[in-house]
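Have a look at the structure below, then the notes.
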2 protein chains.
Amino acid sequence: MENCRVEELSKYLKKTAEKINGYLVGYLEQKKDAPPIIIEAMRYSVFAGGKRLRPILTLATAEMLGGKDSYRNAIPAACAIEMIHTYSLIHDDLPCMDNDDYRRGQLTNHKKFGENIAVLAGDALLTHAFYIISKYSEPQFTAKLVELLSYYSGIDGMLGGQVLDVINENKEIDNIEIVQNIHLKKTAALIKCSILLGAVCGYADKKTLKILENFGENIGLAFQIVDDILDLTETTEQLGKPAGSDLKKKKSTYPAIIGIENSKKLAYELLEKSKKLLTKLEFNTELLAQIAELLVNRNK
Amino acid sequence: MENCRVEELSKYLKKTAEKINGYLVGYLEQKKDAPPIIIEAMRYSVFAGGKRLRPILTLATAEMLGGKDSYRNAIPAACAIEMIHTYSLIHDDLPCMDNDDYRRGQLTNHKKFGENIAVLAGDALLTHAFYIISKYSEPQFTAKLVELLSYYSGIDGMLGGQVLDVINENKEIDNIEIVQNIHLKKTAALIKCSILLGAVCGYADKKTLKILENFGENIGLAFQIVDDILDLTETTEQLGKPAGSDLKKKKSTYPAIIGIENSKKLAYELLEKSKKLLTKLEFNTELLAQIAELLVNRNK
């Protein structure tokens, strides 16, 4: 029974990721005006084998609340959030940031295309995300979708988290609240946003939005704690990027402050909290709960 | 009489720039969540003394077509386009791009804050531009405003132009069509966009949009040709950035290929063409025509 559930979830994730990839191909087609090199650089990182967790969360939430129509309406926003996620990885990898040579088992964007094109490929994906939402979403949703995406990926969200990460690098941080603040902004904000974009397309009311916001924050924080743990416990081959790099860069992580076992315990507590939040919704939240579990019980 | 007209225009530009600055201050206020350093870095470049030509074009167009209400409705979009313009300058100045130390008479953003914060300040302004539009515009305009801004600042517009600029640097280009293509994308696209944002807020019909699009393209190209000329003929002090830097970097410019005199002649031809386009509109286009003249007859 348990095996059967895992298999079904795995099928759903694969099918949805394929669907998202198909739309991403279409949204990143070479048109007559854009220089081919920038499209190539954008595609290089977008199609580097990401798991599409964020767009899957968007589509799963939309379908849970509003059915097939909402699922379809959420597709541009789902692809947009994957573009935003990818832009952030390209810029994070730059020599002036984390200076990483590998990501997902392949050369980072600037190692492949040069630093100037990598900066521009990031800018391009960020800009294109808003183009795709505004051009292809149902107009009734556009203003709210753009507001959510720009808010949670901007100075109060993901980008703010990256700023905190940069200014705290190489500092000996022993304050768990600072680490929590960085993680909430840098990772949890965009995961929360993925869910809220789907909720908007699913006509969520205020109460539902609030519950899903809390759910997204808890599961997003758990996701990043697991990321910190995997960086210490998994091999470079398994991760597709150098293992132990947080330690080398003196990044602020949960395991560095409270240890691996306590970090694991906390991740599971956050998972339980988020699953409990789902029970407050009068929808079939089974799929979201399963995805939440997967985000915590992963090995890469 | 001529003097009086110039004085009036100058007063209008000053008053409008002050109004825009007031809104920019509000839109870039420190809120509790964003790290103060990123707000400081964003403000540093936004308030470095830009002439606010793009937002002025947005507001002048909106008011011409729809009066005071349209002017007010266009304010978020006007400020957003100035943020987009500023982000592009910050990223263009980076060591991996033009590697400039000064801009508008002060240190460039990365010289002041470091390369990592400068990349993030650019990303932040780009993201915040869409936040401001989606949060503060009349919802009926939002989708179209976001679509225009992301299109003309993205891979088919300004960003595409920057890519062409980067890949053609240090090449001996003698083909005026390549230079024109770079200029149309890198500079004219955003100037055209400024005008179209105003036109949308002024309820422009399709015919009006088409005429203003052509007007914007012509005046935008003229603006960049004048920029190329000034880089050769004005002093560093006058420009606030190193004079002659295009030549040093082997940038593709009009004067480099057709000479200064022919470039001047072309800029005036484009100005005449754009003024003629305005006569096709059944609105009082006097102010737009005057601004167009100013864009060509400037000395910095």
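Figures for the structure shown
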| quantity | calculated |
| --- | --- |
| Dipole-positive endmost among B:254, B:195, B:297 within the protein assembly as shown (Cβ charges, Cα centre) | B:195 |
| Dipole axis of chain B (+1 Lys, Arg; -1 Asp, Glu on Cβ), positive-most option in B:64, B:148, B:81 | B:64 |
| Two-site FRET efficiency, residue A:69 against residue B:260, from Cβ-Cβ distance with R₀ of 41 Å, rounded to 0.05 | 0.10 |
| Computed over segment A:78-163, Cα set: Rg, Dmax in Å | 13.9, 42 |
| Exposure proxy order (Cβ contacts within 10 Å, fewest to most) of B:141, B:130 | B:141, B:130 |
| Value of Rg/Rh across segment A:184-225 [Cα atoms, Kirkwood radius] | 1.00 |
| Nm distances between copies for residue B:259, ranked from closest, using label points 7 Å along Cα→Cβ | 8.2 |
| Expected-Rg normalisation [2.2 N^0.38 Å, Cα atoms] applied to segment B:2-296 | 0.96 |
| Largest to smallest principal axis extent of the C-alpha atoms in segment A:1-72, angstrom | 51, 26, 14 |
| Prolate/oblate/rounded label for segment B:121-217 (Cα gyration tensor, a/c 1.5) | oblate |
| Order of A:54, A:104 under a 10 Å beta carbon neighbour criterion, fewest first | A:104, A:54 |
| Given charges at beta-carbon only (K, R positive; D, E negative), |dipole| of segment B:2-296 in Debye | 620 debye |
| Placed amide H near residue A:203: partners under 5 Å, 5+ positions off or other chain | none |
| Sequence-separation-based contact order of segment A:2-296, relative, with Cα cut under 8 Å and 6+ spacing, percent | 20 percent |
| Cα gyration tensor shape for segment A:56-200, rounded if a/c is under 1.5, else prolate or oblate | oblate |
| Exposure proxy order (Cβ contacts within 10 Å, fewest to most) of B:96, A:201, A:79 | B:96, A:79, A:201 |
| Residue A:5 paired with residue B:203, simple spin-label distance in nm, labels 7 Å along Cα-to-beta-carbon | 5.8 nm |
| Other-copy label distances relative to residue B:114, 7 angstrom Cα-Cβ extension, nm | 2.7 |
| Estimated FRET transfer efficiency when R0 is 56 angstrom, pair residue A:15-residue B:279 (beta carbons, to 0.05) | 0.45 |
| Convex hull of the protein assembly as shown built on C-alpha atoms - directionally averaged projected area, nm² | 26.6 nm² |
| Stokes-Einstein D (µm²/s) once Rh is taken as the Kirkwood radius of segment B:1-141 over alpha-carbon pairs, at 10 °C in 1.306 mPa s | 99 µm²/s |
| Over 13 Å [Cα-Cα, segment B:56-126], rounded percent | 66 percent |
| Cα gyration tensor shape of segment B:209-300, rounded if a/c is under 1.5, else prolate or oblate by comparing a/b with b/c | prolate |
| Other-copy label distances relative to residue B:101, 7 angstrom Cα-Cβ extension, nm | 3.2 |
| Length gained when the stretch residue A:47-residue A:25 is fully extended (0.36 nm per residue, less Cα-Cα span) | 7.0 nm |
| Exercise: per-residue mean of other protein chain Cβ atoms within 10 Å, A:32-38 | 6 |
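Throughout, read-outs are computed from the coordinates displayed, never taken from laboratory work. Remember, it's a predicted structure, so these values are computed and weren't measured experimentally. Reconstructed Cβ throughout: ideal geometry from the backbone, glycine too, with neighbour counts over all protein chains shown.
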